[in-house]
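Visitor: This structure is in structure tokens; I'll ask about it shortly.
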Amino acid sequence: MVSSTSLAHEVRGLLNQLGVQPSEYADGDLAAHTPITGEVIGQLRKLSVEEAAAKIGAAHAAFQEWRLVPAPRRGELVRLLGEELRMELPALGRLVTIETGKLLTEGYGEIQEMIDICVFATGLSRQLAGQTLPSERNHHRMMETWHPFGAVGIITAFNFPAAVWAWNAALALVCGDSVVWKPSEKTPLTALAVQALFVRASERFGGTPTGLSQVMIGNTALGEYLVDHSLLPLISATGSTAMGRQVGPRVARRFGRCILELGGNNAAIVCASANQQLALRAVAFSAMGTAGQRCTTLRRLIVHDSIYETFVTQLRKAFASVVVGDPRQSGTLVGPLIGEEAWLAMQEALNKARRAGAVITGGTRVLQDEFAAAYYARPALVEIDRSADIIQRETFAPILYVMRYRELQEAVVMHNGVAQGLSSSIFTMNMQEAELFLSSTGSDCGIANVNIGTSGAEIGGAFGGEKETGGGRESGSDAWKQYMRRATNTINYGDDLPLAQGVTFEID
């Protein structure tokens, strides 16, 4: 066990290395905790409404300047940010682990994901291309152009305290936008560190408009202030479906634009033809990685009746034997839950499953003697009837509900029979089964995989989901278009004025 003093001291050392001033985290009314021990590792000051208004105003003013900078030049700033992240990957990754409870490899992986999206966005800065469209009129050219949109409000969740900001900010910056970031109050220190690295990159760049990137520390009330602010034409919000139900309508009321990344009650189908060892590893990581606290975590497993006993027996052993403990220690595969609220939600879900007649392996609290103020839980494997109400809801904890099926179409109906639609997988060596799952009559999710798990999306593809997941897309592919405004342009290079649709209008 690591003492409280050494952990808090380590955090101070990391923040100092990353360029965060003690005044930013040592004297305030918002306590930052580490889920590893439950101790306080920082005290931050919440922004007042007046301060928040000033920051948003500064971001809007910065946008007015930044949009005039050529896009490839804007890409250079993002490239330099990627360099700063690369140089500080060990320190920032370790801070992510301490603040979220992720394994060290996951903390480092999150920063690598930030570096990767910076590389992607830098290249993108030379490819923000519109298209030329055929005009129905002689001597006319019609085309689309894309222009910077404005100051972008970014609201992030605790489980990816750095990468989700980068998915949004790297694209927004090369598109010519400024960014205002409201991080989760559970992980504010990572946000301060990322902002400090952005300042370093800006200084190397040669100066950027004041207020181009802002961090705003506060609670739900501050998030609501961002959502309602007219100077933020785009809000990108990551969190629960309940949060999205609040954000979406409020932004729509002022005719703003939303990117919503919400709940994911993700499922995988394991077919009779599956490579069971491959499927076992993929299912285990998808269900237990990050202590079940990913939006892409595997929540439901649908196994063919003919292999159910064999496959689930192996899975049950994996759940019972996986090492739960301090995420900084080698050999640990499952770290802590973010806090007591998550632990209580997990227990409430398991109790409902028991009342529905489920057979449960795991789900108990561990390491209570060593970490009395922290919440470590053994992942729970829950064999349950498909009709149970509890499987309709996402619990942000390591719980995997397991069910049987006989025909693939039956499994697809079970798979799609929830309100969320983020990520999905099928494990099969049968081409017809794989293609059906990926077809319009298969998975109804924004992400559909074959022979890999539901978690671990790459930055090159657009990330997001359908239904109650919100419909937003971040990161790769053409997600950049959400951060810009589109204009359709028509140029008449002739001497006549033909009207569209053959309309005639003559004046003397």
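Visitor: Applying the selection to segment 181-222, what residues are closer than 17 Å to Gly57 by Cβ and either touching a helix residue (DSSP H, G or I) at 6+ places or on another chain (Cβ under 7 Å) or of a type in the set (Val, Ile, Thr) (or both)?
Guide: Step one: of segment 181-222, the residues closer than 17 Å to Gly57 by Cβ are 181-182, 208-216, 218, 222.
Answer for segment 181-222, where residues must be closer than 17 Å to Gly57 by Cβ and either touching a helix residue (DSSP H, G or I) at 6+ places or on another chain (Cβ under 7 Å) or of a type in the set (Val, Ile, Thr) (or both): Trp181, Lys182, Thr208, Pro209, Thr210, Gly211, Leu212, Ser213, Gln214, Val215, Met216, Leu222.
Visitor: I would also like to ask the following. If you check Asp116, Asp177, which single one turns out to be acidic (Asp, Glu) and open to solvent by less than 10 Å² (accessible area, probe 1.4 Å)?
Guide: Values: Asp116 fails: open to solvent by less than 10 Å² (accessible area, probe 1.4 Å).
Testing whether each residue is acidic (Asp, Glu) and open to solvent by less than 10 Å² (accessible area, probe 1.4 Å) leaves just Asp177.
Visitor: Surrounded by fewer than 18 Cβ atoms within 10 Å (Cβ to Cβ), in contact (Cβ under 8 Å) with a residue 24 or more places away in the chain, not in a loop (DSSP other than H, G, I, E, B) and not hydroxyl-bearing (Ser, Thr, Tyr): which single residue out of Gly130, Gly42, Gly123, Gly82 fits that description? Please lay out each step first, then the result.
Guide: Numbers: Gly130 fails: not in a loop (DSSP other than H, G, I, E, B); Gly42 fails: surrounded by fewer than 18 Cβ atoms within 10 Å (Cβ to Cβ); Gly82 fails: surrounded by fewer than 18 Cβ atoms within 10 Å (Cβ to Cβ).
It is Gly123.
Visitor: Restricting segment 460-508 to residues that are open to solvent by 50 Å² or more (accessible area, probe 1.4 Å) and in a helix (DSSP H, G or I), which is modelled with the highest pLDDT?
Guide: Lys481
Visitor: If I filter segment 218-228 for residues that are touching a strand residue (DSSP E or B) at 6+ places or on another chain (Cβ under 8 Å), among the polar types (S, T, N, Q) and crowded, with 24+ Cβ neighbours inside 10 Å, do I get at least one hit? If you could, list the steps in order and put the result at the bottom.
Guide: We begin by selecting, within segment 218-228, every residue touching a strand residue (DSSP E or B) at 6+ places or on another chain (Cβ under 8 Å); these are 218-219, 222-223, 226-227.
Now drop any that are not among the polar types (S, T, N, Q), which leaves 219.
When the remaining residues are screened for being crowded, with 24+ Cβ neighbours inside 10 Å, the result is none.
No, that holds for no residue.
Visitor: Just a yes or no: is a residue in segment 151-171 in a helix (DSSP H, G or I), of a type in the set (Ser, Thr, Tyr), open to solvent by less than 20 Å² (accessible area, probe 1.4 Å) and farther than 16 Å from Leu68 by Cα? First the steps, then the outcome.
Guide: In the first step, residues of segment 151-171 are kept if they are in a helix (DSSP H, G or I); the result is 163-171.
Checking which are of a type in the set (Ser, Thr, Tyr) leaves us with none.
Checking segment 151-171: not a single residue is in a helix (DSSP H, G or I), of a type in the set (Ser, Thr, Tyr), open to solvent by less than 20 Å² (accessible area, probe 1.4 Å) and farther than 16 Å from Leu68 by Cα.
Visitor: Here's something else I'd like to know. If you take the residues in segment 85-113 that are among the basic types (Lys, Arg) and in a helix (DSSP H, G or I), which one is surrounded by the most Cβ atoms within 10 Å (Cβ to Cβ)? Steps first, please.
Guide: Here is the first cut: in segment 85-113, the ones among the basic types (Lys, Arg) are 86, 94, 102.
Applying the additional criterion that residues be in a helix (DSSP H, G or I) yields 86, 94.
Values: Arg86: 14, Arg94: 18.
Once the filter is applied, the top-ranked residue is Arg94.
Visitor: Here's something else I'd like to know. Can you name the residue in segment 17-39 that is open to solvent by 70 Å² or more (accessible area, probe 1.4 Å) and in a loop (DSSP other than H, G, I, E, B) and is also modelled with the highest pLDDT among such residues?
Guide: Among those residues, the one meeting the criterion is Gln21.
Visitor: What is the residue count in segment 414-441 for residues that are in a strand (DSSP E or B), of a type in the set (A, V, I, L, M) and farther than 16 Å from Ile452 by Cβ? Explain how you work it out, then say what you get.
Guide: Step one: of segment 414-441, the residues in a strand (DSSP E or B) are 420-421, 423-427.
Checking the rest, the ones that are also of a type in the set (A, V, I, L, M) come to 426.
Restricting the remaining residues to those that are farther than 16 Å from Ile452 by Cβ gives none.
Here the count works out to 0.
Visitor: To continue, here is another question. Pairs needed: first member in segment 11-26, of a type in the set (Val, Ile, Thr); second member anywhere, outside any helix (DSSP H, G or I) and open to solvent by less than 90 Å² (accessible area, probe 1.4 Å); C-beta distance under 6 Å; at least 6 residues apart or different chains.
Guide: Matching pairs, first to second residue: Val11/Ile41.
Visitor: Quick check, is Ser330 open to solvent by 10 Å² or more (accessible area, probe 1.4 Å) and under 26 Å from Leu92 (Cα atoms)?
Guide: Working: open to solvent by 10 Å² or more (accessible area, probe 1.4 Å): yes; under 26 Å from Leu92 (Cα atoms): yes.
Yes, satisfied.
Visitor: Additional query: Among the residues of segment 228-238, are any more than 17 Å from Ser423 (Cβ to Cβ) and among the acidic types (Asp, Glu)?
Guide: For segment 228-238, residues more than 17 Å from Ser423 (Cβ to Cβ) and among the acidic types (Asp, Glu): present.
Visitor: Considering every residue within segment 396-407, establish whether at least one is basic (Lys, Arg), under 22 Å from Glu341 (Cβ atoms) and touching a strand residue (DSSP E or B) at 6+ places or on another chain (Cβ under 9 Å). Let's see the steps before the verdict.
Guide: Here is the first cut: in segment 396-407, the residues basic (Lys, Arg) are 404, 406.
From what's left, under 22 Å from Glu341 (Cβ atoms): none.
No: zero hits.
Visitor: So if I check each of Gly248, Gly244, Gly263, which one is closer than 22 Å to Ile447 by Cβ, modelled with pLDDT under 95 and either assigned to a loop (DSSP other than H, G, I, E, B) or open to solvent by less than 30 Å² (accessible area, probe 1.4 Å) (or both)? Outline the logic, then answer.
Guide: Working: Gly248 fails: modelled with pLDDT under 95; Gly244 fails: modelled with pLDDT under 95.
None of the other options fit; the residue is Gly263.
Visitor: Could I ask something else about it? In this structure, does Ala53 turn out to be of a type outside the set (Lys, Arg), open to solvent by less than 50 Å² (accessible area, probe 1.4 Å) and over 17 Å from Ala196 (Cβ atoms)? Before the answer, list the steps.
Guide: Working: of a type outside the set (Lys, Arg): yes; open to solvent by less than 50 Å² (accessible area, probe 1.4 Å): yes; over 17 Å from Ala196 (Cβ atoms): yes.
Yes: the conditions hold for Ala53.
Visitor: Name every residue in segment 55-100 that is more than 20 Å from Leu234 (Cβ to Cβ) and over 25 Å from the mean Cα position of the chain (by Cα), in order of residue number.
Guide: Pro70, Pro72, Arg73
Visitor: Going by what's in this entry, would Val227 be described as in a helix (DSSP H, G or I) and within 15 Å of Gly472 (Cβ to Cβ)? So that I can check it myself, show each step before the final result.
Guide: On the way: in a helix (DSSP H, G or I): yes; within 15 Å of Gly472 (Cβ to Cβ): yes.
So Val227 passes the test.
The values are calculated or read from the model by the stated rules, or taken from the named source; none is laboratory data. On a predicted model such as this, the values are computed, not experimentally measured, just so you know. Cβ: placed from backbone, ideal geometry, glycine included. Neighbour counts: every protein chain shown. Areas reflect the complete protein model, heavy atoms only, side chains present, ligands, DNA and RNA absent. Shrake-Rupley method; radii C 1.70, N 1.55, O 1.52, S 1.80 Å.
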